[in-house]
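> Handing you this structure, nothing more for now.
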Amino acid sequence: MRVVTKGFAMLIQPSLNLEKKIPILVDKRLRRNRRTPAIRALVQENYLQAQQLVAPLFILEGRNREEPIASMPGISRLSIDLLIQKVIKLYELGIRAVDLFPVISADAKDTFGSEAIREGNLLQQAVYEIKNVLPELCVMVDVALDPYTDHGHDGLVDDKGAILNDATLEVLARMSILAADAGADIIAPSDMMDGRVAHIRKVLDAHGHIEVSILAYAAKYASAFYGPFRDALQSAPKFGDKKTYQLNPANSREGIRESLCDEEEGADFLLVKPALAYLDLIYRIKEVSHLPIAAYHVSGEYAMIMAAAERGWIDGDRILAESLISIKRAGADFILTYGAERMAELLKSGWNF
């Protein structure tokens with residue numbers, strides 16, 4: 001070796017002996033399978049498809065109202081008339097399912113979440129209107145009390161702030177009946193109360209809704225990635241936290257146990273939330289369950305991409321697609337994501353990896 005000094009840098013360069021022939025032995029030429037776009041397409045293992053993306057949507061009271069959500073660039077709260085326009089656009093892009101979240105005004109909230117079980121409430125109206133205009137669209141509805149309660153928790157609470165698990169189940173069942181009566185295809189309880197899947201299934205069947213499915217938020221973690229969502233719904237808890245019912249981020253076996261329990265109780269789909277930080281859970285649950293697995297690419301995961309893209313730090317479209325394909329690669333059959341519309345636009349234009 002000879003040393004070349006240049007300023008403060010010392011570059012070590014090997015002496016080259018061009019007369020000395022060293023045989024190159026490469027036994028496996030794996031790059032051949034990546035040589036051209038056509039070959040890469042032949043061997044691509046996972047694909048994103050618009051019909052396997054679910055668009056979460058936020059609903060407002062009134063008409064002709066749109067409120068952009070600052071912490072979720074590109075996402076707005078919409079009144080039902082504008083919501084109808086949005087779902088038609090999504091359907092034309094190839095998206096076949098939406099998940100609805102009502103934004104309840106402060107004066108309609110109370111300790112018991114009474115608005116959640118009022119006949120003709122905002123969520124029920126939205127489901128009815130969407131199914132009237134676009135009956136082919138699959139409509140999911142979120143079932144939990146946090147949008148409706150003045151304390152922001154997913155269940156009823158006692159005077160000491162403890163969650164009343166069993167009393168909450170009856171309210172969740174009544175919410176599910178209202179949504180099913182309006183035409184909802186899938187009930188999605190996100191509350192994480194024990195026994196809620198079995199009770200909702202029993203009550204739905206008793207009311208003649210045997211064809212309505214249940215998407216169980218089976219492995220829903222007490223995550224910091226939900227911040228922008230709670231901003232969108234204005235539903236952050238007013239006291240305490242949700243750690244007594246949502247799962248500890250440090251635990252994986254607990255998530256598997258919860259998922260298998262929901263499967264036994266009659267869930268039709270199992271959901272992992274959040275997605276990117278819990279890809280191991282998606283994979284492990286897929287290995288032990290026979291049900292379709294959903295994953296929720298949540299607001300914080302989406303917002304990080306959008307915020308960095310707005311600053312020019314990353315290619316937002318490529319990062320979105322790479323994030324979603326990682327969720328598919330881990331085993332998710334379909335994905336709830338705030339990037340559904342943008343990803344569907346990219347797919348329609350012929351985009352691929």
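> Based on the mean of other Cβ atoms within 10 Å per residue, sort peptides 75-86, 153-164 so the most packed one is first.
Per-residue mean Cβ counts within 10 Å order the peptides as 75-86, 153-164.
> Which percentage, to the nearest 5, of the DSSP beta bridges contained in the chain is antiparallel?
20 percent
> Another question, if that's okay. What is the spin-label model distance, in nm, from residue 33 to residue 349 if the labels are put 7 Å beyond Cα along the C-beta direction?
3.0 nm
> Does the range 47-348 classify as rounded, prolate or oblate by the C-alpha gyration tensor (a ≥ b ≥ c root eigenvalues; a/c under 1.5 gives rounded; else a/b over b/c gives prolate, otherwise oblate)?
rounded
> Can I ask one more? Starting from the range 248-353, pick out the trypsin sites (Lys or Arg not before Pro) whose DSSP state is loop and whose Cβ has at most 13 other Cβ atoms within 10 Å.
311
> Rounded to the nearest 500, what is the 222 nm mean residue ellipticity of the chain from helices alone, with -39500 (n - 2.57) per DSSP H run of 4+ residues and division by all residues?
Mean residue ellipticity, 222 nm, calculated: -11000 deg cm²/dmol.
> Please give the length that would be gained between residue 280 and residue 260 if that part of the chain were fully extended, namely 0.36 nm times their separation in residues minus their C-alpha to C-alpha distance (nm, one decimal).
Stretched out fully, the residue 280 to residue 260 stretch lengthens by 5.6 nm.
> Given R₀ = 22 Å, FRET efficiency for residue 150-residue 65 by Cβ-Cβ distance, to 0.05?
0.45
> Also, I was wondering about something else. Report relative contact order for the chain in percent, whole number only (criteria: Cα-Cα under 8 Å, sequence separation at least 6).
Relative CO of the chain lands at 17 percent.
> Name the residues whose placed amide hydrogens come within less than 5 Å of the amide hydrogen of residue 221, ignoring near sequence neighbours (fewer than 5 apart) on the same chain.
Amide H neighbours of residue 221, under 5 Å, 5+ apart: 247, 273.
> Moving on to the next point. Say a site is exposed when it is one of the GluC sites (Glu not before Pro), sits in a DSSP loop, and has at most 12 other Cβ atoms within 10 Å; what is then the longest site-free stretch of the chain?
Answer - 212-353.
> While we're on this one: Computed FRET efficiency, Cβ-Cβ of residue 92 and residue 40, R0 35 Å: what is it to the nearest 0.05?
In this case the efficiency is close to 0.75.
Values quoted throughout were computed directly from the atomic coordinates according to the rules given, and no laboratory measurement underlies them. What you see is a predicted model, and the numbers here were worked out from it, not measured in a lab. When we count neighbours, we look across all protein chains shown, and the Cβ atoms used for this are built from the backbone with ideal geometry, even at glycine.
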